[in-house]
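As structure tokens, the structure follows; a few thoughts come after it.
The values are calculated or read from the model by the stated rules, or taken from the named source; none is laboratory data. Keep in mind it's a predicted model, so treat the numbers as computed, not measured. Because the Cβ atoms are built from the backbone with ideal geometry, glycine has one as well, and the counts that use them run over all protein chains shown.
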Amino acid sequence: MKKTALYNQHINLGAKMVDFGGFNMPIQYSGISIEHNAVRNDVGIFDVSHMGEFILDGNDSINFLEYVCSNDISKIEIERAQYNCFVNPNGGIVDDLIVYRIDVNKFMLVVNASNIQKDWIWLNTNLKGFNCTITDVSESTGLISVQGPKSLILVSELFDYKFENLKKFSFKNIIFQNENIMVSNTGYTGSPGYELYAHNKIIPNVWKQLLNKGEKYNIKPIGLGARDTLRMEMGYSLYGNDIDDKTTPFEANLMWITNLKKEFIGKEKVLSSIENSSKTMINFKMIERGIPRNGYEIKNEKGVKIGFVTSGTFSPSNKVGLGIAYINDSHKIGDKIFISIRNKLVKAEIIKLPINHG
């Protein structure tokens with residue numbers, strides 16, 4: 001297993017470590033509910049250095065990204081970011097990612113850890129004919145996510161910079177300890193937060209200083225367990241669970257990041273999916289007691305299988321089981337469905353996430 005530059009910090013903090021995307025990562029420190037509530041109420045920091053970062057540069061960068069990405073790349077201003085996905089020729093999602101525009105023709109693509117190699121091959125395969133270069137800087141780049149209502153005051157204090165004017169999905173490059181740090185107003189928790197991209201040689205020191213300065217704000221280190229419950233409360237998809245190479249943006253409710261006015265790989269199959277697919281992503285909450293899990297079958301009131309759960313958890317904020325699923329049945333918000341949990345049908349309701357945080 002690979003280790004991030006913060007591995008020793010996790011061990012010193014007593015983290016429980018697990019294999020995630022080929023990386024030895026902390027799943028929890030003090031407990032998932034404690035860490036979850038720290039992010040919702042105060043501030044927490046995550047090691048997200050396992051994510052992949054590619055730098056794209058050259059005159060054809062925009063044209064190339066328009067071709068391989070689903071979203072409208074031309075709308076991204078310098079020092080802004082955009083949620084996106086790569087689509088394969090069959091209309092399936094290769095990966096979901098964030099595209100950062102560093103300069104006129106220079107971009108950073110942040111991809112999922114388990115897909116770094118796959119995405120690298122995918123991008124280079126499609127690069128032919130475009131005047132631009134792509135560089136994998138994943139090995140040298142560290143990433144800390146600072147999330148929670150007190151994240152702004154903590155990040156501003158540490159870097160001695162007023163970040164309150166940094167809009168959502170915007171970023172700023174600053175110098176810290178003679179090294180560049182990219183401070184981005186992004187995150188995958190649904191709480192206010194920032195992501196800090198920096199060279200691995202200074203990431204451990206940034207982590208330590210965040211914990212020291214954050215003590216008075218009840219800061220907690222956060223593992224992958226709480227990262228999952230936080231994103232689940234928002235209905236955010238996890239690649240490999242909720243979206244994959246066989247799921248189209250239409251089926252995954254990602255048409256809001258899909259620009260059908262341009263040409264991109266897989267566009268025709270996405271259009272075909274709109275006309276022909278019966279598979280649709282839904283969010284649901286449990287009405288009867290039970291925690292939904294990946295792979296559980298979903299049935300209708302007649303006991304007929306209509307789908308399956310892709311992600312499920314118990315929400316620490318709302319004290320209820322929540323899930324993301326696909327069903328192939330006509331439905332609307334408020335409809336009742338039944339999750340098959342240990343051979344028992346447990347009632348749930350189709351909802352739109354997020355529900356309020358308690």
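Data overview
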{"read-out": "Residues that are of a type in the set (A, V, I, L, M, F, W, C) and closer than 21 Å to ALA81 by Cβ, drawn from the stretch 125-153", "value": "CYS132, ILE134, VAL137, LEU143, ILE144, VAL146, LEU152"}
{"read-out": "Residue that is surrounded by the fewest Cβ atoms within 10 Å (Cβ to Cβ), among those in the stretch 180-205 that are of a type in the set (A, V, I, L, M) and in contact with a helix residue (DSSP H, G or I) (Cβ under 8 Å, 6 or more places away or on another chain)", "value": "ILE181"}
{"read-out": "Elements of type strands (runs of 3 or more DSSP E) in the stretch 104-170, at least 2 residues being among the hydroxyl-bearing types (Ser, Thr, Tyr) and over 21 Å from the mean Cα position of the chain (by Cα)", "value": "133-136"}
{"read-out": "Residue ranges of strands (runs of 3 or more DSSP E) in the stretch 290-358 with at least 3 members at pLDDT 95 or above and touching a Gly at 6+ places or on another chain (Cβ under 6 Å)", "value": "305-315, 320-327"}
{"read-out": "Single residue of the stretch 29-78 satisfying the filter (part of a loop (DSSP other than H, G, I, E, B), touching a strand residue (DSSP E or B) at 6+ places or on another chain (Cβ under 6 Å) and in contact (Cβ under 8 Å) with a residue 60 or more places away in the chain) that is farthest from VAL99 (Cα to Cα)", "value": "TYR29"}
{"read-out": "Selection from the stretch 306-358 of residues that are hydrophobic (A, V, I, L, M, F, W, C) and either under 30 Å from GLY148 (Cβ atoms) or assigned by TED's automatic domain parsing to the domain that holds ILE34 (or both)", "value": "VAL309, PHE314, VAL320, LEU322, ILE324, ALA325, ILE333, ALA348, ILE350, ILE351, LEU353, ILE355"}
{"read-out": "Number of positions in the stretch 185-223 that are over 14 Å from the mean Cα position of the chain (by Cα) and not in a loop (DSSP other than H, G, I, E, B)", "value": "22"}
